[in-house]
Amino acid sequence: MHRLAQLDHAHVWHPFTQMRDWLKDEPILLTAGKGAVLCDLHGKEYLDANSSIWTNLHGHNHPVINRAIRRQLKKIAHSSALGLANEPASLLAARLVKAANPEFTVSRVPTTRNPARSGRRLEKVFFSDDGSTALETALKLAYEFTRRVCGEKARPKFLALDGAYHGDTVGAVSLGHIDLFHKAYSGLLFKTDKVMSPYCYRCPFNRARPERADARTYRRCNWECVGQVEQKLNAQKKRGQPYSAFVFEPLMQGAAGMIPQPPGWLRQVTELAQAHGALLIADEVMTGFGRTSSNFKNRNSKSPLFACAEEGVQPDFLCLAKGLTGGYLPMAATLTTQKVFDAFLGEYHEFKAFFHGHSYTGNQLGAAAALASLEILESTPSNAARAALQENLATALLPLWSQPEVGDIRQVGCVVGIELVRNWRTREPFALRERAGLRVCAAMARRGVLTRPVGNVIVVMPPFCATAKQVRKMVESLSAALAETRLPATR
């Protein structure tokens with residue numbers, strides 16, 4: 001075993017990893033990357049099929065972002081945001097506000113609303129470190145805003161989706177509803193309510209028999225998932241305590257298993273939440289920065305950078321991280337409205353300031369990388385690359401329907417989840433102890449393709465620079481891995 005791998009085994013505790021299993025084998029230890037390709041210390045190359053846990057947008061070692069960081073490094077790497085401002089953070093805040101208030105009408109669902117003119121224009125940006133802290137910021141702001149508007153006796157309560165995952169800080173975990181991740185910490189958490197997510201493939205209201213297609217396309221239902229949200233909102237209102245905020249990932253829930261929302265669902269439920277007085281907290285940590293865009297009239301057209309805009313939804317809080325810096329540095333942002341900001345204004349002695357912050361808030365290197373990433377994203381070549389990647393994924397995935405373990409293939413923009421099942425005709429799932437997803441991903445790694453499953457859902461989310469050939473290799477390696485790891489009981 002290489003010395004560096006020995007050091008890892010001796011001292012590094014990896015996240016979301018059963019370390020007993022980890023210590024059995026020499027880990028893949030990466031040392032370099034270029035575009036969609038990663039290289040380990042033995043010189044073996046791998047395709048990065050999940051963008052280094054959903055963070056890398058444009059590929060590794062991108063020259064534009066490299067130059068931006070080097071330029072900033074010659075000036076200053078970091079200074080405090082407590083009582084001081086800095087150049088790149090100020091510029092980045094203005095660019096994010098512009099991107100978060102699109103001036104065009106979307107076309108994913110029938111609507112003529114312009115989200116920029118919906119009365120919820122996002123004007124203010126609070127910087128933090130990662131997705132968890134972005135959600136924690138929104139949670140605290142929504143909580144205190146509700147108390148200041150409704151009175152200090154108000155008891156703000158939050159509604160989230162079943163299977164929600166919004167991060168690992170205590171507040172963010174309280175918003176989550178995945179027992180596997182969150183149950184152990186139940187004694188630390190405050191209670192939040194949950195409502196069913198629109199999981200068409202496993203929806204109890206979907207009367208359609210399984211087909212070899214995305215379950216959203218052949219579902220038979222009466223939008224009961226929307227009705228469930230309305231019932232929950234009505235019940236809470238009757239108690240005299242309407243929800244302070246509704247928290248959601250737009251278009252696709254990531255850690256829940258890449259669960260996509262059928263067109264129109266998001267618009268309907270957010271309109272209901274707004275009608276009941278709830279603020280909207282959009283978690284775009286995974287979905288943001290063009291990942292879920294599908295509004296390509298042609299490859300030269302400009303598509304929205306955020307998933308909410310696909311359905312004309314303008315939230316009160318927009319939480320960003322992961323791809324914010326193009327996958328280079330930890331940085332997050334929580335955008336909100338002037339109305340929320342004004343509730344925290346007052347005289348010094350009133351102590352109405354937002355008492356929350358981070359040592360690296362508005363870090364200059366991170367902001368410089370993010371500005372460069374936005375420059376790339378807003379260019380015509382990047383828009384064309386995202387359109388091409390979306391098409392290449394759709395084409396490459398089609399042969400997977402012939403695999404008996406493939407129950408559902410879910411694609412939203414450039415994000416794909418392939419759910420593995422024991423029997424596609426009955427949707428019978430694999431038991432977690434069978435480690436179906438982990439075994440398939442291990443077999444893919446042996447073929448030079450790296451990704452990580454969400455339970456028994458294989459994630460394919462390449463950087464936007466991935467070529468058609470690279471996409472084909474990713475999917476072909478998955479197909480071969482399925483055949484290699486096939487259990488006798490699969491039928």
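Would you confirm whether any residue within segment 423-443 is assigned to a loop (DSSP other than H, G, I, E, B), surrounded by 16 or more Cβ atoms within 10 Å (Cβ to Cβ), under 21 Å from the mean Cα position of the chain (by Cα) and at pLDDT 95 or above? No - not one qualifying residue is present in segment 423-443. Against the conditions (1) free of Cβ contacts under 8 Å to residues at least 40 places away in the same chain; (2) more than 23 Å from Asp214 (Cα to Cα), Ala480 satisfies every one except (2).
Here is a yes/no grid of residues against (1) in a loop (DSSP other than H, G, I, E, B); (2) in the same structural domain as Arg202 (by TED's automatic domain parsing); (3) within 22 Å of Lys98 (Cα to Cα):
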site: Lys237; (1), (2), (3): no, yes, no
site: Gly257; (1), (2), (3): yes, yes, no
site: Leu266; (1), (2), (3): no, yes, no
site: Arg291; (1), (2), (3): yes, yes, yes
site: Ala309; (1), (2), (3): no, yes, yes
site: Cys319; (1), (2), (3): no, yes, yes
site: Leu324; (1), (2), (3): no, yes, yes
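The set of residues from segment 170-224 being of a type in the set (Ser, Thr, Tyr), buried (at least 18 other Cβ atoms within 10 Å of the Cβ) and more than 22 Å from Val421 (Cα to Cα) comprises Ser174, Thr192. If the condition is being farther than 23 Å from Gly323 by Cα, touching a residue at least 24 places away in the same chain (Cβ under 8 Å) and not basic (Lys, Arg), then segment 14-44 contributes Glu26, Ile28, Leu41, His42.
Inside segment 355-386, residues that are within 28 Å of Lys140 (Cα to Cα) and touching a helix residue (DSSP H, G or I) at 6+ places or on another chain (Cβ under 7 Å) make up a count of 12.
Tell me whether segment 61-79 contains one or more residues that are of a type outside the set (Val, Ile, Thr), part of a loop (DSSP other than H, G, I, E, B) and in contact with a His (Cβ under 8 Å, 6 or more places away or on another chain). No, there is no match, as no residue in segment 61-79 is of a type outside the set (Val, Ile, Thr), part of a loop (DSSP other than H, G, I, E, B) and in contact with a His (Cβ under 8 Å, 6 or more places away or on another chain). Of all residue pairs spaced 6 or more apart or on separate chains, those with beta-carbon atoms under 9 Å, a first member in segment 172-198 that is within 21 Å of Thr334 (Cβ to Cβ) and a second member that is of a type in the set (A, V, I, L, M) and loosely packed, with under 15 Cβ neighbours inside 10 Å are Val173/Leu188; Ser174/Leu188; Leu189/Val170; Phe190/Val170.
The values are calculated or read from the model by the stated rules, or taken from the named source; none is laboratory data. This structure is a prediction, so every number in the text was calculated from the model and none was measured. Neighbour counts run over all protein chains shown; Cβ positions are idealised from the backbone, glycine included.
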